[in-house]
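Notes to accompany the following structure.
The values are calculated or read from the model by the stated rules, or taken from the named source; none is laboratory data. This structure is a prediction, so every number in the text was calculated from the model and none was measured. Heads up, the Cβs are rebuilt from the backbone with ideal geometry, glycines too, and the neighbour counts pull from every protein chain shown. Note: accessible area is taken over every heavy atom of the protein model, side chains too, but ligands, DNA and RNA are not part of it. Shrake-Rupley method; radii C 1.70, N 1.55, O 1.52, S 1.80 Å.
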Amino acid sequence: MVKTGRPRTFDRDEAITQAMHLFWQHGFESTTLAMLRSSIGGGINAPSFYAAFKSKELLFKECVDRYFTTFGQVTASLWDDTMPPRQAIELSLRRSAKMQTDRGHPSGCLLVISANITSTAHVDLQRLIAGLRDKARDGFERCVERAVSIGDLPVDTDVTAYAAIFHTFLHGLTVQARDGVPGQTLDAAVTEILASWDARTKSAGRTLSGGSDDRGRA
């Protein structure tokens with residue numbers, strides 16, 4: 001009998017984490033099969049790699065799913081209707097700033113770093129990553145729409161444009177984190193960007209203190 005490779009002896013769950021960190025650090029296109037095989041389980045041969053993951057592309061998709069359901073949940077508050085909209089946005093930005101500068105894993109956001117997938121052979125991966133980034137944009141728009149509807153923001157607020165400010169800021173955190181800007185500085189930047197929200201709240205004839213919920217107040 002012809003052997004197609006050594007039996008898989010590595011922990012597949014741990015292998016996904018190792019591969020995710022490589023993609024997170026280098027991006028999809030710069031992460032080579034050799035790098036993946038060398039990292040996973042202390043090193044596996046090509047037949048074992050393909051037996052376990054089929055392809056680099058499918059492995060990347062698994063890693064993206066792992067990232068989105070773990071580290072990517074820092075923005076989950078954007079869909080929490082029990083929070084005032086401003087608090088939901090603030091929490092998502094502060095959590096993201098903290099996560100992206102944590103030294104326990106590569107800095108920045110995997111979904112932003114992977115935006116540089118340019119090969120036409122990977123259109124499906126481009127769409128996957130763009131779709132996940134769009135979820136955050138939708139979350140910010142949802143919060144701004146809620147704020148307008150309950151009077152926390154002026155009725156003439158351009159929801160799409162204002163939400164884009166926070167979404168763009170979120171993406172910018174990756175560049176700052178990769179450049180070594182401390183998490184404390186990025187957290188302070190969150191305070192500054194939210195000052196624009198407070199100014200708009202005042203222009204709407206309301207006051208907003210901290211993370212308190214002003215819903216239902218005149």
Original post:
Can you give the accessible area per residue of the chain, in Å², using a 1.4 Å probe?
Top reply: 51 Å²
**OP:** List, in order, the whole-Hz ³J(HN,Hα) value for each residue of the range 39-56 obtained from phi through the Karplus relation with A = 6.51, B = -1.76, C = 1.60 and θ = phi - 60°; use x for Gly and Pro.
**Re:** 7, 5, x, x, x, 10, 7, 4, x, 5, 4, 5, 5, 7, 10, 6, 6, 4
**OP:** State the extension gain, in nm to one decimal, for the chain segment bounded by Thr17 and Ser30, taking 0.36 nm per residue of separation less the distance between their alpha-carbons.
**Re:** 2.9 nm
Original post:
What is the dipole size for the chain, taken about its Cα centre, with +1 at each Lys and Arg Cβ and -1 at each Asp and Glu Cβ, in debye to the nearest 20?
Top reply: 680 debye
Subject >> Accessible surface of the range 66-122, 1.4 Å probe, proportion on carbon and sulfur as whole % >> reply: 53 percent
Original post:
Any idea how far apart Lys135 and His105 come out in nm if each label point goes 7 Å out from Cα toward Cβ?
Top reply: 1.4 nm
**OP:** Starting from the eigenvalues of the Cα gyration tensor, five times each then square-rooted, give me the equivalent ellipsoid semi-axes of the range 50-147, largest first, whole Å.
**Re:** 28, 16, 11
Original post:
What base-10 log of the normalised intensity I(q)/I(0) is obtained for the chain from the Debye formula, alpha carbons as equal point scatterers, at q = 0.08, 0.10, 0.19 Å⁻¹?
Top reply: -0.36, -0.53, -1.30
Original post:
Contour minus end-to-end for Ala115 and Leu58, with contour as 0.36 nm per residue of separation and end-to-end as the Cα-Cα distance?
Top reply: 18.8 nm
Subject >> Under 27 Å, Cα to Cα: Lys pairs in the range 1-153, sequence gap 8 or more or different chains >> reply: 6
Original post:
How many nm separate the modelled label positions at Asp156 and Ala76, each set 7 Å beyond the Cα in the direction of the Cβ?
Top reply: 4.0 nm
Subject >> FRET E, pair Thr191, Thr69, Förster distance 30 Å, beta-carbon r, rounded to 0.05 >> reply: 0.55
Subject >> Value of relative contact order over the chain, rounded to a whole percent, pairs C-alpha under 8 Å and six or more apart >> reply: 21 percent
